[in-house]
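Below: the structure, in structure tokens.
Every number in this text was worked out from the coordinates using simple rules, so none of it is lab data. No experiment lies behind these values; they were computed from the predicted model shown. Virtual Cβ from ideal backbone geometry, glycine too; neighbours counted across all protein chains shown.
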């Protein structure tokens, strides 16, 4: 049974129609010992077809270790949201290049976090945080790699 | 973004008793949510940043050399 209602799908389709750049969701999962991997996959799989600029890549956390390390994933369910930009390589061929803003989700993106997920997709697509000039001026002072974790619950 | 009820080890490690909880570099904590105008300065002050970049530039341009 689908989680998204038809009305929700239409609203999301309209929202996603504003996406300037393509977005890839890199999802890490495994079949065993992961209680919430299935529901997380279902949510992502229902979102993906709502825009031709969205793509879902499903990786096995136990097998695709190199990718897990590349994205810094140490627990599941988890996904990275990255921007895809067309780039012309040295041979003059067009290729898609990932722009990783470091955004990761751990656990089921439901409740309020479903809206955080949609917001993150839109922010990654535009490549714009939508922060005020004052906030940007402060954040511009950060010169070291900084790890920010936001803990939430589904309610 | 971490749905903490699924990761009890993290809840224990970072002593998550209420949400949202923001943890910077595994040690600096900001509890609760706030509008951007308060939240961003609060986060930045945890990193020792209180002066916007533009003001720093202005300070430089109006410094002893000008």
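With a/c under 1.5 counting as rounded, go ahead and sort segment A:54-131 into rounded, prolate or oblate using the C-alpha gyration tensor (a ≥ b ≥ c being the square roots of the eigenvalues; past the cut-off, prolate if a/b is larger than b/c, else oblate). Oblate.
Modelled label positions at residue A:13 and residue A:89, each set 7 Å beyond Cα in the direction of Cβ, lie 3.5 nm from each other.
Of the residues A:45, A:62, A:80, the one that moves most in a GNM of chain A with alpha-carbon contacts below 10 Å is A:62.
The relative contact order of chain A, computed from alpha carbon pairs under 8 Å that lie at least 6 residues apart in sequence, is 24 percent. Take chain A, connect every pair of alpha-carbon atoms lying under 10 Å apart with a spring to form a Gaussian network, then pick out the residue of A:113, A:55, A:95 with the largest mean-square fluctuation. Between A:113, A:55, A:95, it is A:95 that shows the largest mean-square fluctuation. The residue A:4 and residue A:130 beta-carbon pair, evaluated with R₀ = 30 Å, returns a calculated FRET efficiency of approximately 0.75.
Listed by Cβ neighbour count within 10 Å, with the fewest neighbours leading, B:38, A:21 appear as B:38, A:21. For the residues A:50, A:96, A:32, a GNM of chain A with alpha-carbon springs under 10 Å puts the largest fluctuation on A:32. Per residue of peptide B:38-47, the mean number of Cβ atoms on other chains within 10 Å of the residue Cβ is 3. In a fully extended conformation the segment linking residue A:112 and residue A:35 would gain 25.7 nm over its present Cα-Cα distance, using 0.36 nm per residue.
Take each residue in B:5-15, count the other chain C-beta atoms within 10 Å of its C-beta, and the mean is 3.
I need the fraction of alpha carbon pairs in the protein assembly as shown separated by more than 24 Å, rounded to a whole percent. I get 51 percent for the Cα pairs in the protein assembly as shown exceeding 24 Å.
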